[in-house]
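Structure first, then comments.
Read the figures in this text as sums done on the coordinates, not as results from a lab. For clarity, every value in this text was computed on a predicted model and none was experimentally measured. In this analysis, Cβ positions are derived from the backbone assuming ideal geometry, glycine residues included, and neighbour counts consider all displayed protein chains.
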Amino acid sequence: MHRRDRWIAVAGVVPWLLVVVPLVMMLGALWQQGYQGLSLAFLLEDPRAAGRAGGIASLLLSTGWILAVCLAVAVPVGLGCALYLSEEVPPGSPAARRLGFVLDLLAATPSVVFGLFGYQFFAITLGLGFSILSGGLALSLMVLPLMIRSAEQALRGVPGSYRRAARALALSRWGWVRRVLLPGAASGIAVGVILSVGRALAETAVLLFTAGYVLRRPDSVFDSGRALSVHIYDLAMNVPGGTARAATTALVLMAVLIAINLLIRRALRRPVLAGVPR
Amino acid sequence: MTVSLVDARRPPSLTLDGVSVHYGAQVAIQGASLTVASGELMALVGPSGCGKTSLLCAINRMADEQPGCRVGGTVRLGDDDVAGLGVTALRRQVGMVFQQPNPFPLSVIDNLRFPLSEHGVPRRQRDALAERALRDVGLWDEVKDRLGQSALALSGGQQQRLCIARALVLAPRVLLLDEPCSALDPVSSRVVEDMIASLKGRYTLLMVTHNLAQARRLADTVTVCWVEGECGCVVESNTCEQVFKAPAHPITAAYCGGEVG
Amino acid sequence: MSITLSPPLADRCLRYLLRASAFLAALALGGIVAVLLWRTLPFLLESGSAIFASGWHPRAGEYGMAAMIAGSLLVSLLALALAAPVAIALAAWLRFYAPAAIRRPTLMLVELMAGIPSVVYGLWGLLVLVPWINQWAPPGASWLAGSLVLALMVLPLALLVTDTALGQLPAAWWRAGHAMSLSRLGMLRRVLLPAAAPSILSGVVLQFGRALGETMAVLMVCGNVVQWPHSVFDPVRTLTANIALEMAYATGDHRVALFVSGLLLMAVTALLLAVAWRLRASAAGGHAYASS
């Protein structure tokens, strides 16, 4: 028996290699293709020649704006919904289950479908056209389930004894939320925000039909703007000779995402699973 | 008619000589020496935290597998030092029953067939051995019509008896029981107790218990443990009569008299 | 700390605000479905079944999506068939066989993989995988390329879900198995994996849904030819890639057809989610151990 186990212990290296080797090869290939373009100038210059030369400064700006719009909507609404779930709805009740299903469905909806909706509703019906606003709003819907789930976990994590003490002191609802609950859950909520940023940065398809493709610096949120992820796609597929720059941009994007991952680890001091269904 | 792996000879005695268990820098129990005579039941009593469970785990080397754990001293089955046995052989001779009933999420009969198949018992012998084990614990009549049903559907007392049957099906000679009745209601507890009493003679039993009345009812010999300083130790080890009627150690008198612990 | 003795007014405002937020979230989902239906209903009522035909020729007014539905399904199924066994085997091996020095870094690496954007996977596929396949079987951009890239994408979460499911099993079973010196393989095969199976399956189903909905990576490596593939080396086009490619210049009925494919994706996603929920519910109910 233990002989069998010993054999398996060794044979298990095979699936391990099947996973680790392609990943390492992928990171290696991207590095090899893109590292030459990496420089401070790359981050500070605007793109030229459709992105084949120059840098990604305007893209960083657009991405930042899109993120800002996205978080400006997703964080308050997400927090409000999470508070609703933790304060008004007992876990396991029909209301909780229904809302849970809605959120899970939102989370599972494909990115293109958000793109279609965003295009039809934000760009056309609301008249925002191809703009950072359209993109940010559509993106906020995508990160909403993640934000709500993380915040709810954080809020429910605040010990029930605080709640009972607050009731015994006849604190008002608003007082309890403001002074005890939110500060107590603050780090967990912050993690939720960071997770949402990570998710938002990785999204592409939804932005194709909402935020648009324009390369230059946006003048306002009503202008179209190109996100980093869209830039990678465009350079890879539509611009001949653009693959090297695409790889460089990918390296920048991954560096940001890794930094975010490390930040989350530090904040929580344990690994975090992004997007694991509840 | 039943094929039996059980040795018809008397079960071996169990001897611990200066056994100690260290978890890293912490000492759970030190200098534990006791002898359970062949076929007898010894109760291991004492307050929580004096290392009784660690002692049990040291015997079948479950403690060894925890990271940072060191076991010292000698354990003997009969005259043989168990250090010379492989882990698998050791655990075939020494079975263990836990506090919480923990049958596998399989059918009743599969709970017994599975360990047998893992230990290489031929298929045609498995059912007979399973039936024998179930009869030994008095469960056969209760479950013979639902052998194929999930073991989790049994009551708590039945599950614990199934767990004991599962430990017995590998035909050990020695049985270690870690508070087998403490998770059960009084009625089931009594049924399990009576069944354990019936195992005496065929098996050598070492049972940890918090229930002094139970120890009085079941045990031939009693070992009292106590916490001294930071670690546990054995205080007195004697026949049941002696320990309860004429204890040699003041702590024994206090503990068994109900004054402390 | 000063106690805020705000009047009930503030409390009531808070309550309404919170309810409104929850409502907004539900509204978002309803809005998506509503918009999709609104755009597509007339078309569907008129020529609904036409979308299941084989010929996709928008300029001629033919909107048969069958080949692209097949493309989506085939690419996703092969990806899961490749990824799921590896993910489950690796998760079990990491948890029960591998030393901690291998387990922790590997899990960290897998979490990193889970966060890599799909465009980056697609970029790698385009740069490395497609030319490599091209050496053996041109053109390289194909069903196989799409499935391989998708497999890498769904593997991390499938592995993490399996790891979580195995970790939630009662430790008591493991201890009992140890006391009887039962092999880890035997425990995995007969007790642990079957007990964790509903949760694992639920995770796999969700990843299948995610694979179906994936756009960028498949867009970049599948070749995007609308056809029924005869071999894994043939290029295919998925529904998602189709939307991404043609939305820019589609007008009129063509555009509506794209919305129809979006609606179809949404419906399949909802169905898979329901299946996954059912599986998870059965997993939660099944662990009725240590009764009375």
*Quote the charge dipole size of the stretch C:44-182 about the Cα centre in Debye, to the nearest 20; the model charges only the Cβ of Lys and Arg (+1) and of Asp and Glu (-1).*
480 debye
*asked:* Springs between alpha-carbon pairs under 10 angstrom, Gaussian network model over chain C: which of C:ALA145, C:ALA217, C:ALA250 fluctuates most?
replied: C:ALA250
_Positive dipole terminus of the stretch C:52-283, leading residue within C:SER183, C:LEU258, C:ILE69 (C-beta point charges)_ = C:SER183
*Sorting A:ASP223, B:ASP194 on the 10 Å Cβ count, fewest up front, what's the list?*
B:ASP194, A:ASP223
*What value, in deg cm²/dmol to 500, does the helix sum -39500 (n - 2.57) over DSSP H runs of n ≥ 4 give at 222 nm once divided by the residues of the protein assembly as shown?*
-19000 deg cm²/dmol
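Summing Lys, Arg as +1 and Asp, Glu as -1, what charge do residues with Cβ under 13 Å from the Cβ of C:PRO117 carry, C:PRO117 excluded? Walk me through the numbers on the way to the answer.
Details: positive: A:ARG199; negative: A:GLU203, C:GLU214.
Summing Lys and Arg as +1 and Asp and Glu as -1 gives -1.
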*Taking the simple approach of a point 7 Å from Cα along Cα-to-Cβ for both A:ILE258 and B:ARG202, what is their distance in nm?*
6.4 nm
*With unit charges on the beta carbon (Lys/Arg positive, Asp/Glu negative), name the residue among C:GLN168, C:GLY125, C:LEU41 whose Cα is farthest towards the positive pole of the charge dipole of the protein assembly as shown.*
C:LEU41
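Quantify how strongly other chains surround peptide A:65-77 by giving the mean number of their Cβ atoms within 10 Å of each of its Cβ atoms.
What the average comes to for A:65-77 is 1.
Tell me, what is the FRET efficiency for B:ARG216 and B:GLN125 to the nearest 0.05, using R0 = 45 angstrom and their Cβ-Cβ distance as r?
Numbers: r = 39 Å, r/R0 = 0.88.
Between B:ARG216 and B:GLN125 the formula returns 0.70.
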*Given +1 on the Cβ of Lys and Arg, -1 on the Cβ of Asp and Glu, and no further charges, what dipole in debye does the stretch C:52-283 carry about its Cα centre, rounded to the nearest 20?*
920 debye
*Short version: ³J(HN,Hα) in whole Hz for each residue of the stretch C:85-99, in order, from phi by Karplus 6.51 cos²θ - 1.76 cosθ + 1.60 (θ = phi - 60°), x for Gly and Pro, what are they?*
x, 5, 4, 5, 4, 5, 4, 5, 5, 4, 7, 10, 10, 7, x
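For chain A, what is the charge dipole size about the Cα centre, in debye to the nearest 20, if Lys and Arg each add +1 at the Cβ and Asp and Glu each add -1 at the Cβ? Numbers along the way, then the final one.
Details: 25 positive and 11 negative charges, 243 e Å.
Magnitude of the dipole: close to 1160 debye.
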*What list of ³J(HN,Hα) couplings, whole Hz, do you get for the stretch B:110-119 from phi and the Karplus terms 6.51, -1.76, 1.60, once you set θ to phi - 60° and write x for glycine and proline?*
5, 4, 8, 5, 4, x, 5, 5, 5, 8
*Using 7 Å Cα-to-Cβ label points, what is the A:ASP46/C:VAL275 separation (nm, one decimal)?*
5.0 nm
_What distance in nm separates the two pseudo spin-label positions at B:ASP145 and A:ALA29, each 7 Å out from Cα along the beta-carbon direction?_
6.5 nm
*Förster radius 51 Å - calculated FRET efficiency between B:ASP79 and C:SER282 (Cβ-Cβ, nearest 0.05)*: 0.45
*Looking at A:PRO218, C:PRO139, B:SER237, which one has the Cα that reaches farthest to the positive end of the dipole of the protein assembly as shown (charges on Cβ: Lys, Arg +1; Asp, Glu -1)?*
A:PRO218
*Isolated Cys in the protein assembly as shown by the 4.7 Å beta carbon test?*
A:CYS70, A:CYS81, B:CYS57, B:CYS69, B:CYS163, B:CYS181, B:CYS231, B:CYS233, B:CYS240, B:CYS256, C:CYS13, C:CYS222
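Can you pull out the chymotrypsin sites (Phe, Trp or Tyr not before Pro) in the stretch C:187-283 that DSSP calls coil and that have at most 10 other Cβ atoms within 10 Å? If you can, show how the numbers build up before the last one.
Values: sites: C:PHE208, C:PHE233, C:TYR249, C:PHE259, C:TRP277; in loops: C:PHE233, C:TYR249.
Filter output for the stretch C:187-283: C:TYR249.
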*Evaluate E = 1/(1 + (r/R0)^6) for A:ARG6 and A:SER39, where r is the Cβ-Cβ distance and R0 equals 45 Å; express this FRET efficiency to the nearest 0.05.*
0.30
*With the contact rule set at Cα under 8 Å and sequence spacing of 6 or more, what percent relative contact order holds for chain B?*
28 percent
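Considering Cα pairs under 8 angstrom that are at least six residues apart, work out the relative contact order of chain C and quote it in whole percent. Walk me through the numbers before you get to the answer.
Values: 337 pairs, mean separation 72.8, N = 292.
Answer for chain C is 25 percent.
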*asked:* Using amide H atoms built in the peptide plane, which far-off residues or other-chain residues are under 5 Å from B:VAL97 H to H?
replied: B:LEU176, B:LEU177, B:ASP178
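For every other residue with a beta carbon closer than 15 angstrom to the beta carbon of C:CYS222, add +1 if it is Lys or Arg and -1 if Asp or Glu, then tell me the sum. Intermediate values should be presented prior to the final figure.
Values: positive: C:ARG237; negative: C:GLU214, C:ASP234, C:GLU246.
Summing Lys/Arg as +1 and Asp/Glu as -1 gives -2.
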*When a footprinting reagent is the concern and you count Cβ atoms within 10 Å, what order do B:HIS119, A:HIS2 take, fewest first?*
A:HIS2, B:HIS119
_Among A:SER150, A:SER39, A:SER196, which one shows the highest mean-square fluctuation when chain A is modelled as a Gaussian network with alpha-carbon springs under 10 Å?_
A:SER39
*How high is the relative contact order of the stretch C:1-128, in percent, counting Cα pairs under 8 Å that sit 6 or more residues apart?*
8 percent
*Quick one: net charge of A:SER86's neighbours, Cβ under 12 Å, K/R +1, D/E -1?*
0
